[in-house]
1. Provide Rg and Dmax in Å for region 113-270, with only Cα atoms included in the calculation.
2. Would you mind ranking Tyr136, Tyr87 by Cβ crowding within 10 Å, fewest neighbours first?
3. Helix-only mean residue ellipticity at 222 nm, the chain, DSSP H runs n ≥ 4 weighted -39,500 (n - 2.57), per residue, nearest 500. What is it?
4. Which residue, Arg53, Arg251, Arg138, has the most motion in a Gaussian network model of the chain that connects Cα atoms within less than 10 Å?
5. Under 11 Å from the Cβ of Pro247, count the other residues' Cβ atoms, weight Lys and Arg +1, Asp and Glu -1, and hand me the total.
6. If neighbour count is taken as other Cβ atoms inside 10 Å, put Arg112, Arg189, Arg23 in order from fewest to most.
7. Would you mind calculating the relative contact order of region 15-300 from Cα pairs under 8 angstrom and at least 6 residues apart, reporting the percent as a whole number?
8. Could you list which residues have their amide H under 5 Å from that of His62, counting only those 5 or more apart in sequence or on another chain, with H placed in the peptide plane?
Amino acid sequence: MTAETITAAAAGTWTLGELTVNRVGFGAMRLTGSAAFHHGTPSDRARSIAVLRRAVELGVDHIDTAAFYFSSLRSANELINSALAPYADGLVIATKVGPLRDRAGEWGTPARPDQLRSHVEENLRQLGRDHLDLVYLRRMGQDSVAEHFGALAELRDTGLIRNLGISDVEPRHLEEARAIAPVVSVQNRYGLAASSPDGDTVLRVCGENGIAFVPFFAIAGSGGALGPEGGVEAEVTAVAEAHDATPAQVRLAWTLARGPHVLAIPGTGNPDHLAENIAAGALRLTESELARLDALHARGAGRV
């Protein structure tokens, strides 16, 4: 079986609230063209649209995006709308609110709680939808998420949002949010040998409570938006060669093996990389390989 014939269903499914999705999804950040999603050369529009359509053909039913994913000529939300609307039944689109960017791409002061409705409405407008399946509050350094998450909970009560999540949080923030409204998903930076200091704790707490854990930069690790760095790559490559796989596929397979509640949202504007990322859901690492990679992770945990 080649990568082009493996679908997102190979990794199994998880439930986000009442919505069941395949555990391998798609992150839209890189669709805008540059490594850091707001600098550099804009993407080829036709290729980005083709990648989105091919992702759905390969079984992707969970797409992660945000209105602040844009470059000088490209908007991830607009590309998704152009490529996929009218949306298929069962396609879950998750977005994030909280960060503020101006039209020049510069980051501003994080949104106040009373500004979050306009963020939600902007995502609705760009995506061409009357509700959002899942909205994450992206914490921007606040000590407490209560006011911001409470504002989103109110929007959920109006029907504009179906499910709520939080992003870039510590365990205490998850507890705080859950006291206000159900949390179906947590999106934190997490990857092999490179995760937030509380990454493994948050992953564990999510599993114990039936909450999805959705890592970002699972492939890039400590390189973040700029791509993978060195360090552990030689050992990852050795595992990849044993499976005739790529290091990126091994990183994704290891991430998915961290628990049945762990989802993957690798992003790319390259159709070949798209197929490889989805095929990683079918890669099964051996117990000894997982132990080897777990040891690498333990040595690098907390490094981002």
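1. Cα radius of gyration and Dmax of region 113-270 are 17.1, 53 Å respectively.
2. Ranking Tyr136, Tyr87 by Cβ neighbours within 10 Å, fewest first, gives Tyr87, Tyr136.
3. The per-residue figure over the chain is -10500 deg cm²/dmol.
4. Evaluated over the chain, the most mobile residue of the options is Arg53.
5. Local charge sum for Pro247: -3.
6. Arg112, Arg189, Arg23
7. With pairs under 8 Å counted, the relative contact order is 19 percent.
8. Those lying under 5 Å, H to H, from His62 are Phe26, Val92.
All of the numbers you see were taken from the coordinates with simple rules; none came from a lab. Everything quoted here is computed from the prediction, not taken from an experiment. Note that each Cβ is placed from the backbone with ideal geometry, even for glycine, and that neighbours are counted across all protein chains shown.
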